[in-house]
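Enquirer: Before anything else, here's the structure in question.
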Amino acid sequence: MKPDLWPEHDFWAGRPGVTLAGVDEAGRGCLAGPVVAGAVAIAQADLDALAAGPLAEVNDSKQLSPAKRERLFETLTHEPRVRWAAGMASVAEIDALNILRATHLAMRRALEALPALPAHALVDGLPVKGLPIPHTALVKGDARSLLIACASIVAKVTRDRLCAELDARFPGYGFARHKGYGTRAHLDALRRLGPSPAHRRSFAPVLAQQGELPFPG
């Protein structure tokens, strides 16, 4: 099922013209790397035309191939009617705050990085603490709301590119392939090499490896 515009139109039915953004995250369940949030705002007057035109293929980022995600990311970030931003929380912040609070921090940063702060947000998942504006939480929102699906693409592609950089900095772990998720190959590398500075020390599979860091922290 592809996202449609009913959450957006339902919101605007009672508040026409109010600026609205979609927010989603990527990397919450990973063992390494930052958690990244995307925020995308599109004016009510532009949304239908964009949804029928350049954004017609937008879907939950998990349902898209890497090549299609990249193409849609380029469309979103170069379309003048789309306002977008990414925010992140670092590995150190994840370990200090816990992953839920760090995810909420990344979402707040994404919203605050938009060219103008919207009046309201549609957020994937459960309610979020600490956002600078009111929001509506939508479970499986990336499959229901076009704005949230757009935000999921921004978050996913941004994070995947960061993982490619981690792969170059810390070779041997395969970050460019598994993007920090706990795949068999990643766990094997973790046991063989020990945690890198990119790993989340507060996560159980990383905590289980007690060897010294092979790289300076």
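The values are calculated or read from the model by the stated rules, or taken from the named source; none is laboratory data. Treat the numbers as computed from the prediction; the structure is a model and nothing was measured. Backbone-built Cβ (ideal geometry, glycine too); neighbour counts: all protein chains shown. The area values use the complete protein model at the heavy-atom level, side chains included, leaving out ligands, DNA and RNA. Shrake-Rupley method; radii C 1.70, N 1.55, O 1.52, S 1.80 Å.
Enquirer: Step through the residues of region 155-170 one at a time and calculate ³J(HN,Hα) from phi using the Karplus curve (6.51 cos²θ - 1.76 cosθ + 1.60, θ = phi - 60°), rounding each to whole Hz and writing x for Gly and Pro.
Expert: 3J(HN,Hα) across region 155-170, in whole Hz: 5, 5, 5, 4, 5, 4, 5, 5, 5, 5, 5, 4, 4, 6, 6, 10.
Enquirer: Using the 2.2 N^0.38 Å rule of thumb for compact globular proteins, work out how the chain stacks up: its C-alpha Rg over that value, please.
Expert: The reported ratio for this selection is 1.05.
Enquirer: To the nearest 20 Debye, how big is the dipole of the chain about its Cα centre, given +1 on the beta carbon of each Lys and Arg and -1 on that of each Asp and Glu?
Expert: Its charge dipole is roughly 580 debye.
Enquirer: Taking only protein heavy atoms into account and a 1.4 Å probe, give the accessible area per residue of the chain in Å².
Expert: 46
Enquirer: How long is the gain from Ala185 to Asp46 if the chain were fully straight, where each residue apart is worth 0.36 nm and the alpha carbon distance is subtracted?
Expert: The Ala185-Asp46 span can extend by a further 45.6 nm.
Enquirer: Something else now. Might you report the magnitude of the Cβ-based charge dipole of region 1-83 about its Cα centre, with Lys and Arg at +1 and Asp and Glu at -1, to the nearest 20 debye?
Expert: The dipole magnitude comes to about 180 debye.
Enquirer: While we're looking at this one, here's another question. On the accessible surface of the chain, probed at 1.4 Å, how many percent belong to carbon and sulfur atoms?
Expert: Whole-percent figure for carbon plus sulfur exposure: 57.
Enquirer: Here's another thing I want to ask about it. Compute a Gaussian network model of the chain, connecting alpha carbons closer than 10 Å, and tell me which residue from Pro197, Pro132, Pro115 fluctuates the most.
Expert: Pro115
Enquirer: Which cross-chain or sequence-distant (5 or more) residues have an amide H under 5 Å from the amide H of Ala21, H modelled 1.01 Å from N in plane?
Expert: Under 5 Å from the amide H of Ala21 lie the amide H atoms of His120, Ala121, Leu122, each far enough along the sequence or on another chain.
Enquirer: If I model a spin label at Lys2 and Glu74 as a point 7 Å from the Cα along the Cα→Cβ vector, what separation in nanometres do I get?
Expert: Output for this residue pair reads 2.0 nm.
Enquirer: Just the number: Rg to Rh for region 52-132, Cα atoms, Kirkwood Rh, two decimals.
Expert: 1.00
Enquirer: Would you list which lysines come within 27 Å of Lys68, measuring only between C-alpha atoms, while excluding same-chain residues fewer than 8 positions from it?
Expert: In chain and number order, the partners are Lys2, Lys140, Lys156, Lys179.
Enquirer: Check the straight Cα-Cα distances from Lys62 and name the aspartates and glutamates below 14 Å, setting aside those fewer than 8 residues away within the same chain.
Expert: Partners found: Asp24, Glu25, Glu70, Asp124, Asp142, Asp160.
Enquirer: If you don't mind, another one. So what are the ³J(HN,Hα) numbers for region 171-183, from phi and the Karplus equation (6.51, -1.76, 1.60; θ = phi - 60°), rounded to whole Hz, Gly and Pro as x?
Expert: x, x, 8, x, 4, 5, 8, 9, 6, x, 6, x, 6
Enquirer: Scan around Ala85 for amide H atoms under 5 Å from its own, H built in the peptide plane at 1.01 Å from N, and keep only partners 5 or more places away or cross-chain.
Expert: Hits under the 5 Å cutoff: Ala39.
Enquirer: In units of 2.2 N^0.38 Å, what is the alpha-carbon radius of gyration of region 31-71?
Expert: Scaled against compact globular proteins, the figure is 1.46.
Enquirer: Which Cα, out of Gly172, Ala102, Leu117, lies furthest along the positive dipole direction of region 71-183 (beta carbon charges, K/R +1, D/E -1)?
Expert: Projecting each Cα onto the dipole axis, the largest value belongs to Leu117.
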